[in-house]
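Data first, discussion second: the structure below is written as structure tokens.
The values are calculated or read from the model by the stated rules, or taken from the named source; none is laboratory data. The shown structure was predicted, so the numbers you read here are calculated from the model rather than taken from an experiment. FYI the Cβ positions are ideal-geometry reconstructions off the backbone, even for glycines, and counts take in every protein chain you see. Quick note on the areas: whole protein, heavy atoms, side chains included, nothing else; ligands and nucleic acids left out. Shrake-Rupley method; radii C 1.70, N 1.55, O 1.52, S 1.80 Å.
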Amino acid sequence: MDIGHYNKKLTSDVLGHIFSCYADEETVFHSLETLLLVCRSWNQAALGHRSLWSRFKIYLGHYPTSQIWTNRLPSRLEKCGPKTPLDIDLRNLLEGAYHTKETSNDPLYNGLSCGRENPDIIGCPCYDAIQACVSQSLKILAGSNGLLGGRLRSIALDLGASHSLQQTPNAAMIELRNLFRWPTPELRSLVLKNIFDYRTTKNSDLFPDTAKVERIILHQCFLPSYPDCANAKDASIGWDPYNFTGPRAIPSLRGALNLRSLSLNASTQPVSIPAELNELRTLQIHWSHLPSNLSICHMPKVSTLHISCDNEEIITQVLNCQGLDFKQLERITITRKSFFRKIEMDYVAYLHAICQLLVKAQNARYLEADASTMCIILKVLWNSRNGKPNVETNAAENNARPLFTDGWLINRRSQETSRIRERSSKAFIENLAESWGCISPSLTESQFLKDLAFFRRLCEVIDGSGWAAIMNLRHNTEKLPFDVLGRIFSYYVDEETIFHSLETLLLVCRSWDQAALGHRSLWSRFKIYLGHYPTSQIWKKRLPSRLEKCGRKISLDIDLRNMLEGAEAPTDTHNIDIYHPRTCSETNDGPRECACYDAARLCIYQSLQTLTGNNGSICNRWRSLSLDLGWRSTPGMALNFALTELSNAFRFPTPHLTSLILKNVYAHSNFGEGYRFPDTTHLERIILINTYLPLYPDCENVKEATIGWDQYILADNVVEPSLRKAARLQFLSLHATTTSILLPPQLNELQTLELHAWDVSNALKVCHMPAVSTLHMVYESNDLIERVSTYQGFKFEQLKRNLRYIEADTPTMCMILKEMWNSRCDTIDGSHTPENHTGPLFADGWLINSTHNENIRVDETCTSIFIETLATRWKCLPPNTSDSQFLEQLVGLSVLVVTAAYILKMETI
């Protein structure tokens, strides 16, 4: 600095650089306008650099953010002049928009009531003020006849996840359409999140000129039309599966030949992709499956691969991509989005998939993973340096040399790195695991699995920034961040009980109270399990209070069960006495005389009344409803009142209901008059067990259906549900006798079929089901298997060719092992003649014993001795006995020989 004295001023261009740094970190209360008040030279420099005023970070929270931006926006547009390009970032943070680092811990932007004038959460006036501010801001930014649209350089708009609950287009959506109706020729970046435009009119074209857009992000967006992506270089598209609302327009990337970065986020919807992406460098997949057109897309230059998955299947699908050159990969990132479904089977398959990926991507130099995945990666590297195969019973895939011999491991949890070389020993891997807090790879497989289950659960709570915050705590008085507390509390919700409820969190301290109330979604899950005293009395008071805490727009998940009448008991209630159907300690009379039964029925009636709301005002917020009245429920005044109230609830629209579960609901004579289920177009999952209704919901968009009745409660002259319109079914489970249920003639998307019956629907026998890959049968005699074998639309040959998993209980597993042993035995005896012997049966896949919850990988190298050892381990009958002796021992198990023949020899069907 060459300033001779204090009175010498900084030049205007230097002040402009300083002010631009200030603009990067400005907040609603420390804004650029404060620079104008310092002195005349600062005032002139700030106004002279017009680009300072062209960046609008409109983050809307509680009072007075909306009022500030209503006055500030026109003033800033005036200061930046008529030609400066505009950068817009508008977020409704109270409705669940994505937070920035500056706003994540600011109480001004959390969902807690501001307490201004009215401490009641529902009475917070800031939500309506934000809606008005968003509408007004979009109207100003559009300008007269779209005048300002031509100056837009970037726009990021996030209306929040709760915006999806809007049933009709609000003022903000109308102004948004008006904004995008005009040309935006200078637009370079477009980011839209949580935009739900349900308009279906013909005149719905938006984005008439977006030829220069290079970056496009569409998350949770449903629009009548989408921008042109011909020149896009960075694209990110996706939806949450449970938020996809049926047939809507899908953005297309078919013309985006210049893409350099592509991110696909969780969804089951097809996105058009070009046949060749020759410029693509970065590929991110956050989907539960790989799009079919991506698997054949030519991507020769991809050097960065990021996979975020629920299981190993997505990694296996990526390995089968025809157009991906794995030798070009330099950086690989693997993260898991959810906990293992079956810890042992998923772990082994996950380890196998990672091993294959490292073998194919032999030139990778950077390997990044989250905490739990890093444990498995270190286990793979340790096995490869310890001379152990990473794939059980498959010696051909045993690694001849150490995997990942020259590169860097990156721990996403702690942001630490370590160089791995070919000479890195197994002791080095063990020390690295210890320093990173991972599970020791030297543990036995069984102990490793036990530790991994606990470790994964822990990391889901405190992964990422939360883990860093905990590790950096300096003293006990430092608080956990607001968002970390919310994630921890969400796990408390999963395991809360009637006496250890969420309300206890409010009593710990002020920060816990604010965090619990600030995360409204915590209070929107109602697990109303009714048993003996005082469960009914507790929920009678707790339900209205929780509805108040979760606000007016949060989606509701309801699970209501009458445990005293035999409703299905969750795992966490098995050992709690108050849920047992017995006489409580307050009376010595029989169980039917216990006053708790009538109290539970009355509580069901009052709960349904509360959850319906005035004129169905709360029904439109239902996301899932599960109601189980119990198989022992008997008619009575309280029960009839409950069924009448259920009938009243189903008179109102439930446009956001995605899951409906009704068990033991006998309401064919209590539903009254009038139409029921007027709006269930978003329903994707329906379960009806022992349920009789005069009318059933629309199943046009249902993807998962379970329907059935017990034989002894079948009723005459009742209406059975129809699935004739459910052509999009992916999962179908039929229980007991369902011979008259109606099905579509084709179920082209059906992947899983479960039959828990002694007979099947006549419509199922002729239904075309070409994509079924999972078949589950629970039967009392072999008649069911024989009937299934006559299905005309079932592709048994395809199931056999792709068969990878066989799961059975111990009796059925005895027959399966017997057939496998016969096919592998050198001497073919009995009915197994040489012409029928075509090699080992089930030569590549997993056997799963559902009785012992164990599984093992088998292939064509497994000998008859291996099968005998496995039978001993699983306590099955010895397969090496003669057929006559084997049948004599099997009589007590009531299993026929033909069972395994139909399972393992699908080509004979």
Quiz prompt | Low-density loop positions, GluC sites (Glu not before Pro), region 402-455 - DSSP coil, at most 13 other Cβ in 10 Å | solution = 422
Quiz prompt | Computed lengthening from residue 804 to residue 752, 0.36 nm per intervening residue step minus Cα-Cα distance | solution = 17.3 nm
Quiz item: Which trypsin sites (Lys or Arg not before Pro) does region 474-542 hold that lie in a coil by DSSP with at most 11 other beta carbons within 10 Å?
Solution: 474
Practice problem: Just list whichever of 818/875; 79/212; 527/549; 79/139; 193/553 have alpha carbons separated by over 21 Å in the model shown. | Solution: 79/212
Quiz item: Going through region 4-56, which GluC sites (Glu not before Pro) have at most 15 other Cβ atoms within 10 Å and a DSSP loop state?
Solution: 25
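Subtract the Cα-Cα distance of residue 174 and residue 508 from 0.36 nm times their separation in residues, and report this length gain in nm to one decimal.
Extending this stretch completely gives an extra 115.8 nm.
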Quiz prompt | Contour minus Cα-Cα distance for residue 540 and residue 406 (0.36 nm per residue) | solution = 41.9 nm
Self-check item: Electrostatic dipole magnitude of region 476-523 [Cβ: Lys, Arg +1; Asp, Glu -1; Cα centre; debye, to 20]
Solution: 180
Quiz prompt | Separation of the residue 132 and residue 325 label points, Cα + 7 Å toward Cβ, nm | solution = 6.0
Practice problem: Please work out the average accessible area per residue across region 476-523, using the 1.4 Å probe convention, and give it in Å². | Solution: 53
Quiz item: Simple spin-label model, 7 Å along Cα-to-Cβ: residue 491 to residue 884 in nm?
Solution: 6.1
Quiz item: Any idea how far the Cα center of region 284-313 sits from the one of region 477-548, in Å?
Solution: 39
